[in-house]
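Some notes on the structure that comes next.
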Amino acid sequence: MRGSINRPPTPDAEEDRGQDLTLQEIINIKLIESGEKERLKELLRERLIECGWTDEMKALCRAFTRKKGRNNVTVDDLVHVITPKGRASVPDSVKAELLQRIRSFLVSAAL
Amino acid sequence: MSAPNDDKGTSHSQLSSQFYGDLLDSIIVDVASECHRIARLGLDRNLEDEEEELRLSTQARARVADPSNSGEANSKYVVDIFGQTHPAVASEIFECMNCGRSIMAGRFAPHLEKCMGRGRKARLKATRSSTAAQNRYTRGSPISTYSSYSNSTSGNRVANGTTAPNEEYGDGGFED
């Protein structure tokens, strides 16, 4: 048997099932498996485009890129540039719509 | 003692907020990644152009806000948004439809006055041939206004254009 491939042994499926998942992890799995997470993300993305939020964020990125120089910009930089303003400038109606959808999912999933 | 529903409500709210925050963060990363890609690949219309434009627009704004620049005084040398300068008097030449002479556009209004009988000389010519109209013409026409017409260097001032029709109605001699 060749021992040239060094990798950790495949985790035993039974061991995993024994672990306790937090509530959040359980919900996350349900969201993903049902496809709802994807739908929610697309809904949020669409609403943010409609209300001009995406354009605002892109403008912030462009301004930052202009200052720092096109080839010196990292994704991390841009994330840090957008995050504070991005989180604060989502319209209340959009936030409310998303929260409502998530809450209905939680209720329907009997969590 | 809080009802179990309340607890569920608050924990649902907390969970919802958490998931909403995750979704938003995920979208933020997507936007940042896209902008990064555009920046690195140079797909954005030239960023240097934008900077140049910004600089020029702030310059222009400063010039406009500057009180020492009077718009009237600089009208001969000011450049418009297409980069053209216009002389104070329009210099295009065309044919007058009344008398057929070649007239400069900037001098067209005063020319028309004389040509169509509104000016003092044209009127005197007309009155010589019509004795009945003579009284009307000599009544209160302010000569000073006419001389201001012939002296003005810019025939395309709106103010000049609007007073002319008023006088026409005031005289009423034209209909004859």
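Worth a mention:
- Hey, residue A:94 in a helix (DSSP H, G or I) and either of a type in the set (Asp, Glu) or closer than 22 Å to residue A:38 by Cβ (or both) or not: yes
- Scanning the range A:37-55 for residues that are under 17 Å from residue B:37 (Cα atoms) and either in contact (Cβ under 8 Å) with a residue 40 or more places away in the chain or open to solvent by 40 Å² or more (accessible area, probe 1.4 Å) (or both) yields a count of 1.
- Any hit, the range B:61-75, residues being within 7 Å of chain A (Cβ to nearest Cβ), part of a helix (DSSP H, G or I), over 18 Å from residue A:55 (Cβ atoms) and at pLDDT below 85: no
- Test result for residue A:48, at pLDDT 95 or above and in contact with a Ser or Thr (Cβ under 8 Å, 6 or more places away or on another chain): yes
- For residue B:96, the criteria (1) farther than 30 Å from residue A:75 by Cα; (2) modelled with pLDDT of 90 or more hold in every case but one, which is (2).
- Count of the range B:14-53 residues which are facing another protein chain (nearest Cβ under 9 Å) and modelled with pLDDT under 85: 5
- Pair list, Cβ < 6 Å and 6+ apart or interchain, from the range A:57-70 residues that are hydrophobic (A, V, I, L, M, F, W, C) to residues that are buried (at least 17 other Cβ atoms within 10 Å of the Cβ): A:57/A:82; A:57/A:86; A:57/B:31; A:60/A:81; A:60/A:82; A:61/A:78; A:61/B:35; A:64/A:81
- Those residues of the range B:95-115 which are within 25 Å of the chain's Cα centre (by Cα) and hydrophobic (A, V, I, L, M, F, W, C), in sequence order: B:104, B:105, B:108, B:109
- Comparison of A:86, A:35, A:52 shows that the only residue that is of a type in the set (Gly, Ala, Ser), out of contact with any Lys or Arg (no Cβ under 9 Å at 6 or more places or on another chain) and facing chain B (nearest Cβ under 10 Å) is A:86.
- All positions within the range B:115-131 that are among the charged types (D, E, K, R), part of a helix (DSSP H, G or I) and either modelled with pLDDT of 85 or more or open to solvent by less than 40 Å² (accessible area, probe 1.4 Å) (or both): B:123
- Within the range A:83-95, being more than 20 Å from residue B:32 (Cα to Cα) and either of a type in the set (Lys, Arg) or surrounded by 11 or more Cβ atoms within 10 Å (Cβ to Cβ) (or both) holds for A:94, A:95.
The values are calculated or read from the model by the stated rules, or taken from the named source; none is laboratory data. Just so we're clear, the structure is a prediction, and the values are computed from it rather than from any experiment. For neighbour counting, all protein chains shown are included, and Cβ atoms are generated from backbone atoms with ideal geometry for every residue, glycine included. These area figures cover heavy atoms from the full protein model, side chains too; ligands, DNA and RNA do not enter into them. Shrake-Rupley method; radii C 1.70, N 1.55, O 1.52, S 1.80 Å.
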